[in-house]
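The values are calculated or read from the model by the stated rules, or taken from the named source; none is laboratory data. Just so you know, these numbers come straight off a predicted model, no measurement behind them. Cβ sites come from the backbone with ideal geometry, for glycine too, and all protein chains shown count toward neighbours. With ligands, DNA and RNA removed, areas are computed over all heavy atoms of the protein, side chains included. Shrake-Rupley method; radii C 1.70, N 1.55, O 1.52, S 1.80 Å.
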Amino acid sequence: DTFITFMDEKVDEDTVIADIGSGKGYYTLKMLKQFPLKKIYCLDRSQNSLQYIKNKADKLGHYDKVQTVCGDINNMELQKNCADIVMCNTLLHEFEKPEEILQNLKDLIRNKGYLIIIDFNDTWLGRFAGRGYKDNAHGAFTVKSLDMAFKAVGLKSCRSVSSKHLIMCIGRKE
């Protein structure tokens, strides 16, 4: 899995990660189990989801490594340059202008840090799942469209991988 391989190469005990739109912490909990991180910020609009993450992190013995922030991607209460790696899973498709969201995410990344976007691929199922909750949502992406969006905000695209109905794009802040 490209995500795990990438994280294996980049994460050490000094790494700070921001999981934006963390939901119930699928990736957060996976990373806490597998990698020696310093801290992980979890931002989500659902206080219940954030409490679920804190409870699970506590059971794993990592309560002190998780900082939850209840908020919105357009109005994040996280400081600029707070993370080495920022990730956002199946959320970008919901916005009309993904470049604006990517810029907000880029602002969280420290210099030479990475942004990881996992979102819906432009397949029939990806279009169905990624149609979003709003009429003006961007919807599913192609590898090319996500790479172009990364370049539009000044991120250097490092890796882009598509599988069945998902795309993962990793960009670096120079």
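At-a-glance table
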{"item": "Of all residues making up the range 83-119, the number that are over 9 Å from the mean Cα position of the chain (by Cα) and part of a strand (DSSP E or B)", "result": "9"}
{"item": "All helices (runs of 4 or more DSSP H) inside the range 1-69 with 1 or more residues being touching a Cys at 6+ places or on another chain (Cβ under 8 Å), open to solvent by 40 Å² or more (accessible area, probe 1.4 Å) and under 23 Å from Gln79 (Cβ atoms)", "result": "47-59"}
{"item": "Unique match (being open to solvent by less than 70 Å² (accessible area, probe 1.4 Å), within 24 Å of Ser46 (Cβ to Cβ) and touching a strand residue (DSSP E or B) at 6+ places or on another chain (Cβ under 9 Å)) among Val143, Val161, Val86, Val153", "result": "Val86"}
{"item": "Top-ranked residue in the range 141-174 [being part of a helix (DSSP H, G or I) and without any contact (Cβ under 8 Å) to a residue 24 or more places away in the chain; ranked as nearest to Asn104 (Cα to Cα)]", "result": "Lys151"}
{"item": "Residue under evaluation Lys80, criteria (1) modelled with pLDDT under 95; (2) more than 27 Å from Asp14 (Cβ to Cβ); (3) open to solvent by 10 Å² or more (accessible area, probe 1.4 Å), criterion not met", "result": "(2)"}
{"item": "Residue list for the range 72-114, restricted to those being among the hydrophobic types (A, V, I, L, M, F, W, C), without any contact (Cβ under 8 Å) to a residue 60 or more places away in the chain and under 20 Å from Lys144 (Cβ atoms)", "result": "Leu92, Phe95, Ile101, Leu102"}
{"item": "Residue within the range 66-77 that is more than 15 Å from the chain's Cα centre (by Cα) and within 26 Å of Pro36 (Cβ to Cβ) present", "result": "yes"}
{"item": "Selection within the range 52-71 - over 30 Å from Asn136 (Cα atoms) and in contact (Cβ under 8 Å) with a residue 24 or more places away in the chain", "result": "Tyr52, Ile53, Lys56, Ala57, Leu60, His62, Lys65, Val66, Gln67"}
{"item": "Which numbered condition Ile116 fails, given (1) open to solvent by 40 Å² or more (accessible area, probe 1.4 Å); (2) within 17 Å of Ile20 (Cα to Cα)", "result": "(1)"}
{"item": "Any hit, the range 153-160, residues being farther than 24 Å from Lys24 by Cβ and aliphatic (A, V, I, L, M)", "result": "yes"}
{"item": "Scope the range 127-140; condition in contact with a Ser or Thr (Cβ under 9 Å, 6 or more places away or on another chain) and either modelled with pLDDT of 90 or more or not in a loop (DSSP other than H, G, I, E, B) (or both); matching residues", "result": "Ala129"}
{"item": "Evaluation of Trp124 against (1) touching a residue at least 12 places away in the same chain (Cβ under 8 Å); (2) aromatic (Phe, Trp, Tyr); (3) open to solvent by 60 Å² or more (accessible area, probe 1.4 Å) (one fails), failing number", "result": "(1)"}
